[in-house]
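Trainee: Just dropping this structure here.
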Amino acid sequence: MSVDTSRARMSAELFVNGTWTAGKAGRLDNVDPGNGRTVGAVSLASTEQVAEAIAAAEAAFAAWSATPAAARGDILRRAAGLLADRVEEATATILLETGKTEADARGEIGRAVETLRWNGEQAGRVQATMFPGVAAGSRRTSMPTPLGPVAVITAWNFPAVLATRKLGAALAAGCTVVFKASEFAPATARLVVEVLADAGLPAGVVNLVFGDPQAVSEQLTSSSSIKALSFTGSTAVGKALAAQAAPNLIRTVLELGGHAPVLVLDDADVDHAIATTAAAKFGSAGQSCVAPSRYFVHESRYREFVDKLTAKAKSYVLGHGTEEGVTLGAVAHQGRVDALVRLTRDAVDHGAVITTGGSQAARDGFYFEPTILAGLPLDSKATILSEEPFGPIATVSSFSTVDEAIDAANAAPYSFAAYLFTDSMAVRDDVVRRLNASNIGVNQLAPSLPDVPLGGLGNSGYGYEGGIEGILAFTQLRLVSETHVTRGESHARR
Ligand code: NAD
């Protein structure tokens, strides 16, 4: 594997009503977190341009929602093929604007292709349900009906997967979209919209904007044209958006932060637990909502576990995704490094021992060493146990009873991914039932694949993405009750 970055076009403009256009509110640098250098620019929309995007989505809705579902699905499947054709360029684009390793960037494009294809296949399978009527000759039909123009706002950390999950589902459902992608990964969003347009998406069906995030989101949620908001990002911004959407009762799906616990019981295969979860812990430099971040290990295996996890963390080769042999990439920006330094210092103040890492790596770009913080008591008030760390860092604590481990796992205010390693089926069922989590990997990872619904609770948000439920999130169930009336019959039927 080796990526050719000369193929990547790192700037992004707006896409409004089928036309690529420069933003009138200036430009922001697109910075490569892997070396801190500017690689392109993102064009920022003025208030008038956001209004044009909303108007375009509204104007396109009637024709798009009336387009046969199979034809909508064809466009999504064609877009999947076009993205697959551009895999080298797309891999380079993600790598340069997110700081990912080549393997992570390449893997993400594969998942994005699969997501567009899956939603394309499902578009024609959104089914109505028929119920018998109450009177003879009558029937009732519950029909999923596209909501209208919707707003989609995405995080930077999986710019292709998040865009294809939301756009794929909204378009399959028959909605039109104003898409506000992250200004930290604009070129990947541009590329996803390009393949949709090249696949034949009519003008106005997807409109891409960037800008001042708060101002753009306020404009979207205060518009009477926008019928739903699907957001993926941090808990703090998700809460602000829920409040913004409330006055207009705009339906929201919120995919927010996570703080995944890993329970390693006394009968677990420690080597397997470490090999499995390390991929999610250090992939994308730990900046994933399903990244394991709090390990709770039975006391009989604790020392062995800390030693082996520490050795595993030390084995990662940190560097720019274009460098040979690199297995751990950068974090998003200096602000993320500063947050990880703060969380580490606070954990040490609460008694944690740094077994490896703990500092910003001394090189250009934004890197934090793979870090293991051992020995925090289960009831510790260290901030890292309650705040999503979002980086290549994890705590390891020991427990003596399963009840204690479950209480500690459930203590963080998130409910998204969790992991359990045990050989016992009976214990497994009990722990799975009692864990406060929506996505549980038992002796394996917990991937968010396109065919299954997934959503959080608490600080992890609400609503579902993925699966047919993810498409139905962009629809309203319309009930039609009908009676066949024979001419001359005068009585009303129910
Ligand atoms: P973020 O909340 O800073 O940004 C997300 C999006 O919101 C971006 O488009 C950004 O421009 C916009 N935004 C930022 N501030 C805003 C404001 N005040 N008003 C309106 N919009 C605003 O998050 P991020 O750093 O891009 O992404 C990381 C977060 O996303 C993590 O918490 C991670 O766990 C979460 N995430 C969750 C999932 C999931 O499926 N649950 C998936 C990926 C990422």
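Trainee: How many of the residues in region 368-384 are within 16 Å of the ligand (Cβ to nearest atom), outside any strand (DSSP E or B) and buried (at least 24 other Cβ atoms within 10 Å of the Cβ)?
Mentor: Total satisfying the criteria: 1.
Trainee: Which residues, counting only those in region 396-418, are away from the ligand (no atom under 16 Å from the Cβ), over 14 Å from HIS298 (Cα atoms) and not in a helix (DSSP H, G or I)?
Mentor: ALA411 - this is the single residue of region 396-418 that is away from the ligand (no atom under 16 Å from the Cβ), over 14 Å from HIS298 (Cα atoms) and not in a helix (DSSP H, G or I).
Trainee: Here is a further query. Tell me, which residue of region 219-232 that is assigned to a loop (DSSP other than H, G, I, E, B) and of a type outside the set (S, T, N, Q) is nearest to the ligand (Cβ to nearest atom)?
Mentor: To start, the set of residues in region 219-232 that are assigned to a loop (DSSP other than H, G, I, E, B) comprises 222-227.
When the remaining residues are screened for being of a type outside the set (S, T, N, Q), the result is 226-227.
Working: ILE226: 14, LYS227: 18 Å.
Per the criteria, the residue is ILE226.
Trainee: Does region 33-56 contain at least one residue that is more than 24 Å from ASN207 (Cβ to Cβ), crowded, with 23+ Cβ neighbours inside 10 Å and touching an Asp or Glu at 6+ places or on another chain (Cβ under 9 Å)?
Mentor: yes
Matching residues to (1) under 16 Å from the mean Cα position of the chain (by Cα); (2) closer than 22 Å to ARG165 by Cα; (3) within 16 Å of the ligand (Cβ to nearest atom); (4) not β-branched (Val, Ile, Thr):
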site	(1), (2), (3), (4)
SER234	yes, yes, yes, yes
ALA245	no, yes, yes, yes
ARG251	no, yes, no, yes
GLU255	yes, yes, yes, yes
ASP266	no, no, no, yes
HIS272	no, no, no, yes
ALA278	no, no, no, yes
ALA291	yes, yes, yes, yes
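Trainee: To continue, here is another question. Hydrophobic (A, V, I, L, M, F, W, C), away from the ligand (no atom under 16 Å from the Cβ), at pLDDT 95 or above and out of contact with any Gly (no Cβ under 6 Å at 6 or more places or on another chain): is that true of VAL442 in this structure? Spell out how you get there, then give the answer.
Mentor: Working: hydrophobic (A, V, I, L, M, F, W, C): yes; away from the ligand (no atom under 16 Å from the Cβ): yes; at pLDDT 95 or above: yes; out of contact with any Gly (no Cβ under 6 Å at 6 or more places or on another chain): yes.
Criteria met by VAL442.
Trainee: Considering each of GLU89, GLU97, GLU121, GLU108 in turn, give the residue that is assigned to a helix (DSSP H, G or I), surrounded by fewer than 18 Cβ atoms within 10 Å (Cβ to Cβ) and in contact (Cβ under 8 Å) with a residue 24 or more places away in the chain.
Mentor: When all the criteria are applied, what remains is GLU121.
Trainee: Can you find a residue that is touching a strand residue (DSSP E or B) at 6+ places or on another chain (Cβ under 8 Å), surrounded by 23 or more Cβ atoms within 10 Å (Cβ to Cβ) and over 27 Å from GLU183 (Cβ atoms) anywhere in region 312-330?
Mentor: Within region 312-330, one or more residues are touching a strand residue (DSSP E or B) at 6+ places or on another chain (Cβ under 8 Å), surrounded by 23 or more Cβ atoms within 10 Å (Cβ to Cβ) and over 27 Å from GLU183 (Cβ atoms).
Trainee: Tell me, please, whether a residue that is near the ligand (Cβ under 9 Å from one of its atoms), in a helix (DSSP H, G or I), in contact (Cβ under 8 Å) with a residue 24 or more places away in the chain and touching a strand residue (DSSP E or B) at 6+ places or on another chain (Cβ under 6 Å) can be found in region 200-216.
Mentor: There is at least one residue in region 200-216 that is near the ligand (Cβ under 9 Å from one of its atoms), in a helix (DSSP H, G or I), in contact (Cβ under 8 Å) with a residue 24 or more places away in the chain and touching a strand residue (DSSP E or B) at 6+ places or on another chain (Cβ under 6 Å).
The rows are residues; the columns are (1) in contact with a helix residue (DSSP H, G or I) (Cβ under 9 Å, 6 or more places away or on another chain); (2) within 17 Å of ASN35 (Cβ to Cβ); (3) among the aliphatic types (A, V, I, L, M).
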{"position": "VAL317", "(1), (2), (3)": "no, yes, yes"}
{"position": "GLY321", "(1), (2), (3)": "yes, yes, no"}
{"position": "THR327", "(1), (2), (3)": "yes, no, no"}
{"position": "PHE368", "(1), (2), (3)": "yes, yes, no"}
{"position": "THR371", "(1), (2), (3)": "yes, no, no"}
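Trainee: Here's something else I'd like to know. Filter region 375-390 for residues that are under 28 Å from the mean Cα position of the chain (by Cα) and at positive phi and give the result. Quick ask: steps written out before the conclusion?
Mentor: The first filter runs over region 375-390 and keeps only residues under 28 Å from the mean Cα position of the chain (by Cα), leaving 382-390.
If the condition is that a residue be under 28 Å from the mean Cα position of the chain (by Cα) and at positive phi, then PHE390 is the only one that fits.
The values are calculated or read from the model by the stated rules, or taken from the named source; none is laboratory data. Since we're looking at a predicted model, the values are computed, not measured. Quick reminder, even Gly has a Cβ in these numbers, built from the backbone with ideal geometry, and neighbours come from all protein chains shown.
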